[in-house]
Amino acid sequence: VQLQASGGGLVQAGGSLRLSCSASGNIFPPNTMGWYRQAPGKERELVASIGSSSGTTNYGDSVKGRFTVSRDNAKTTVFLQMDSLKPEDTAIYYCYRWQRNRDYWGQGTLVTVSS
């Protein structure tokens, strides 16, 4: 399974960014896709995830109400709409996919929020 993420960049506080991550290769349902992030000197934390069967979403406490995770109908691409960004959202964002008791990770995309 290969994951290709895009959409990171530099944005001012209060702005928005949209991340995308496409999966290819030996992909199967059911699965979960989503995002983690890691800021300098901090542990990796869950940002958001979405299941393929029920579409159930899960968010980290720090992003609830500001970020929205979604996926396309083919269930191969996951999106992360990030609104009302804060400097503390600055991190490398990693896309992941879980299927058949294994997880797969993308290369990470840098999001920088300036104050």
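The values are calculated or read from the model by the stated rules, or taken from the named source; none is laboratory data. Because the structure is predicted, anything quoted here is derived from the model rather than measured. Cβ: placed from backbone, ideal geometry, glycine included. Neighbour counts: every protein chain shown. Surface accessibility is based on the protein's heavy atoms, side chains included, excluding ligands, DNA and RNA. Shrake-Rupley method; radii C 1.70, N 1.55, O 1.52, S 1.80 Å.
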Given the conditions (1) part of a strand (DSSP E or B); (2) modelled with pLDDT under 95, which single one is not true for residue 74?
(1)
How do the pairs read when you match residues in the stretch 72-94 that are open to solvent by 60 Å² or more (accessible area, probe 1.4 Å) with residues anywhere that are of a type outside the set (S, T, N, Q) and at pLDDT 95 or above, using Cβ under 7 Å and keeping only pairs 6 or more apart or on different chains?
84/14; 84/66; 86/13; 86/113; 92/37; 92/110
More than 16 Å from residue 86 (Cα to Cα) and part of a loop (DSSP other than H, G, I, E, B), is that true of residue 29?
yes
Could you list, ordered by first residue, the pairs with Cβ atoms under 8 Å in which the first is in the stretch 26-43 and more than 22 Å from residue 89 (Cβ to Cβ) and the second is open to solvent by 70 Å² or more (accessible area, probe 1.4 Å) and small (Gly, Ala, Ser), at least 6 apart or interchain?
29/53; 30/53
For the stretch 29-41, which residues satisfy the criterion of being under 18 Å from residue 100 (Cα atoms) and open to solvent by 70 Å² or more (accessible area, probe 1.4 Å)?
29, 30
Mind listing just one residue for me: the one in the stretch 42-55 that is open to solvent by 50 Å² or more (accessible area, probe 1.4 Å) and either at pLDDT 95 or above or not in a loop (DSSP other than H, G, I, E, B) (or both) and, of those, nearest to residue 85 (Cα to Cα)?
45
Of (1) in contact with a Ser or Thr (Cβ under 7 Å, 6 or more places away or on another chain); (2) modelled with pLDDT of 95 or more; (3) of a type in the set (A, V, I, L, M, F, W, C), residue 27 satisfies all except one. Which?
(2)
